[in-house]
Each structure stands twice: as structure tokens, then as C-alpha cells.
Amino acid sequence: MGLMRGNLLTAPLLLLLLLGSLVPSNAFWSASPLVSTFLPQRSIPPASTCQSIPTRPGSSLLLCSTGGWPVAPLDYIEPLFRPPAEHSSFILQVTNGCSWNKCSFCDMYTADGKEFRPKPLEFIEEELRIIGSLDLPVKRIFLADGDAMTLPTKRLKDILSLIQKHVKSRLQRVSCYCLPRNVAGKTVEELRELRGMGLSLVYVGCESGDDEVLERIIKGETYDSSLGALLKLGEAGIKRSVMILNGLGGPELSEQHMVNTARLMNAAQPELLSTLVVSFPLGTDRFEATSPGFRMLTQRELFSEMEVLISHLSLDKTIFRSDHASNYLPLKGVLSRDTDKMLSQLRDAKEGRAPLRPEWARGL
């Protein structure tokens, strides 16, 4: 796949806080009972305690606990991704795929069966009711897939209402991925309503603040559209975690990529900012179709590009992270308080004086 900005969930059973099993679903959210997509593919461990939970009329789901931990079979359509920061969150898949899905750097949602479609509301409620019946301390919920914020405000409010109804634990936050375009048709007041119902954080894939880079990767966004979305979200009180791609412009557009990205971040002042290194685990054909002759930056060039970004940022209190698996040099701090420290770390990395993440550990 192209760059995977989040972590791919591959464990057959996600226990405790993730709560779900990744069951390859041939039903694709059809009207068939969920039990039919679960039982033929999972054998019940001998040391399990099981109970039958009613779902739709005439249907039930077998719920088992193994070794003291409950396992809830949820109807995911794989592959499924979530941000690194959502590693302990309950993943609630409310859409399948990405509503845009044209970005040339990204293959995350191009697999068979990942065509974009909303998940039926009744299926979402079934799963929430199952989770609620477990009475587990679900503190965070992440709404998958690629851009759940594309859903109409009413549908999002319906989902948040169902979460409030069925999840009785001390829920701290609900979050999701968001494209700038997802916000264009929503008013600040609508976004405030969503914030009031628990949607407190969105992960915004801006990738770059440079219009030439954005055009090349078919992002369908501009500096202005990205800034407008970030400001609107901020005005509504929704925290913004912005993702930027290190190396996306190649050597040719490297400096303008980072200078204009810094300009965008300075204008938006997001609460969180992260960088990832652009990577192509399944090859570059999709990307090179729109960026012919593209060359990946070397390690040293990546560090130099990050120096340009960090040195041009003027942020009040933005939490910065570059700890995604794709990064050779993990950076953490608060900007602009830790600017000098990060620049020193980058200089050390360029001179071979800093420990770097080995290639085997950069697997996506």
C-alpha cells in the first residue's frame, strides 16, 4: 500500500479495549446476521465462557470470554487503520473506505471491497449495544474509516447519540480522520453541536501547505481550503491533529513544501502536529503516474527538510510528534518551546550522532 498514516490492525482478535475481532466480511454489511460472518471463521477456544446476545429480531451473536478477557466479534471490513495515538481505543467502523480516495501517495483504501459507503445505522447500534453489554471501561472511541467526517451532520449526531446511549463508561473522547473538504459543508454551529456530543478530536490529513505539491498528489485541496477547515474546526472547539508528509515533494519541491506547510500551521495554530515520511510499501506506480521522475529523499535530505519546517514554525503551544513508524528520527516536544532542542536533534542525526530507527522497525 502507499503511505499508511495509521497503524494497520492485523491481530485476529483484539481484546479488552479494542474489543473487536477482525472478521473478513463477505456480507459487506448486508442484512444477513452477523453471526453468519463470525462462527464459520472462528473456532471457540475450549476454555471459553460464551453467551448469546440478541441482535436484530431472529438473530443473535455468540460472545465468548477467553482467559478472563471478553472478545466481541464485530463486523469489520478489512483492511482497517487507526492513528498511532488510538492504540487503546475502541474502533467503531462507521464508514468503509475513503470518500475521496484519489490521493496518489495513498493506497490504504484501494483494496477489493473497500469502496466507500456508510455503514447502516442499525448495524452500528448493534455493535454499540454489544459493547455496552460488556460494561467495560471504554475511554476512547475512534470512528473509522478514512474520513468519517464526510458523513452528514445528522448521521454523525445519530452515531454520537447511540454512543451516549449504549456506552455507559467514562468516555473521554470520540475522534476520527477528517479531510479538509469534509468540513466545507458544515457550519461552525453544526461542528459545535458535534463537539458538545463528544466528538472532541479530528486527525486532519493536510499533507502539505504548498499548492503545487497538493496538485501533484491529487489531494483535491489547496492552502486556502485546508486553512479554512482548520480554522472552522478550531472555532468550534474541536482539537485538530494535523498530519504532514516529510519528503512528499521530492528534492525539487522540498523547500517550498516545508516553507508553505509552516505558513499554513502558523496561521492555523493546531493543537497537535505530526510528520510522517512518505513511503510506498507496495510500489510507486500510483504515485509516479502524477509525479513522473519523483525521487525519494535520502535520510540526510529528510532531516534537512525537517529543519526547514521546524525553523519556520511559529506556534504557541502545539504538541509535536514524529513518532510514526515511518520516521527514522522520533521527535517529541511542544512548539515553539522546544524548537532549539529539535533542531539540535536533527543536526545530530545528520552528522550520525543520534540513534535512528532501523529499516526493519519502519515496517508499515
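The values are calculated or read from the model by the stated rules, or taken from the named source; none is laboratory data. Given the structure is predicted, the values throughout are model-derived calculations rather than measurements. Ideal geometry is used to build each Cβ from the backbone, glycine not excepted, and the neighbour counts take in all protein chains shown. The area values use the complete protein model at the heavy-atom level, side chains included, leaving out ligands, DNA and RNA. Shrake-Rupley method; radii C 1.70, N 1.55, O 1.52, S 1.80 Å.
At a glance:
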read-out	value
Residue in the range 301-314 that is open to solvent by 50 Å² or more (accessible area, probe 1.4 Å) and either without any contact (Cβ under 8 Å) to a residue 24 or more places away in the chain or in a loop (DSSP other than H, G, I, E, B) (or both) present	yes
Residue check, GLU193 among the charged types (D, E, K, R), open to solvent by 30 Å² or more (accessible area, probe 1.4 Å) and closer than 26 Å to VAL308 by Cα	no
Scope the range 220-248; condition surrounded by fewer than 19 Cβ atoms within 10 Å (Cβ to Cβ), of a type in the set (D, E, K, R) and in contact with an Asp or Glu (Cβ under 8 Å, 6 or more places away or on another chain); matching residues	LYS239
Test result for GLY250, at pLDDT below 95, at positive phi and out of contact with any Cys (no Cβ under 9 Å at 6 or more places or on another chain)	no
Residue in the range 348-361 that is modelled with pLDDT of 95 or more, touching a helix residue (DSSP H, G or I) at 6+ places or on another chain (Cβ under 8 Å), part of a helix (DSSP H, G or I) and surrounded by 15 or more Cβ atoms within 10 Å (Cβ to Cβ) present	yes
Residue match in the range 96-119 (condition: under 24 Å from ARG321 (Cβ atoms), in a helix (DSSP H, G or I) and either small (Gly, Ala, Ser) or in contact with an Asp or Glu (Cβ under 7 Å, 6 or more places away or on another chain) (or both))	no
Some residue of the range 63-77 being open to solvent by 20 Å² or more (accessible area, probe 1.4 Å), part of a loop (DSSP other than H, G, I, E, B) and at pLDDT below 90	yes
Residue count, the range 198-241 (criterion: touching a strand residue (DSSP E or B) at 6+ places or on another chain (Cβ under 8 Å) and under 18 Å from THR150 (Cβ atoms))	17
Scan of the range 169-185 for residues that are out of contact with any helix residue (DSSP H, G or I) (no Cβ under 6 Å at 6 or more places or on another chain) and of a type outside the set (Ser, Thr, Tyr), ordered by number	ARG170, LEU171, GLN172, ARG173, VAL174, LEU179, ARG181, ALA184, GLY185
Residues located in the range 121-161, provided they are open to solvent by 10 Å² or more (accessible area, probe 1.4 Å), of a type in the set (A, V, I, L, M) and part of a helix (DSSP H, G or I)	LEU121, LEU134
Residues located in the range 336-347, provided they are open to solvent by 50 Å² or more (accessible area, probe 1.4 Å) and either more than 20 Å from ARG321 (Cβ to Cβ) or not in a loop (DSSP other than H, G, I, E, B) (or both)	ASP340, LYS341, GLN345, ARG347
Filter result (touching a strand residue (DSSP E or B) at 6+ places or on another chain (Cβ under 9 Å), small (Gly, Ala, Ser) and modelled with pLDDT of 95 or more) within the range 86-105	GLY97
Residues that are under 17 Å from SER226 (Cα atoms), open to solvent by less than 10 Å² (accessible area, probe 1.4 Å) and among the hydrophobic types (A, V, I, L, M, F, W, C), drawn from the range 249-271	MET258, ALA262, LEU264, MET265, ALA268
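Let's see how each residue does on (1) modelled with pLDDT under 95; (2) closer than 23 Å to HIS257 by Cα; (3) under 21 Å from the mean Cα position of the chain (by Cα); (4) not in a strand (DSSP E or B):
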position: LEU194; (1), (2), (3), (4): no, no, yes, yes
position: GLY205; (1), (2), (3), (4): no, yes, yes, no
position: GLY209; (1), (2), (3), (4): no, yes, yes, yes
position: GLU212; (1), (2), (3), (4): no, yes, no, yes
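This table checks each residue for (1) touching a Lys or Arg at 6+ places or on another chain (Cβ under 6 Å); (2) in contact (Cβ under 8 Å) with a residue 40 or more places away in the chain; (3) small (Gly, Ala, Ser).
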residue: TRP100; (1), (2), (3): no, yes, no
residue: SER104; (1), (2), (3): yes, yes, yes
residue: LYS114; (1), (2), (3): no, no, no
residue: GLU126; (1), (2), (3): no, yes, no
residue: SER133; (1), (2), (3): no, yes, yes
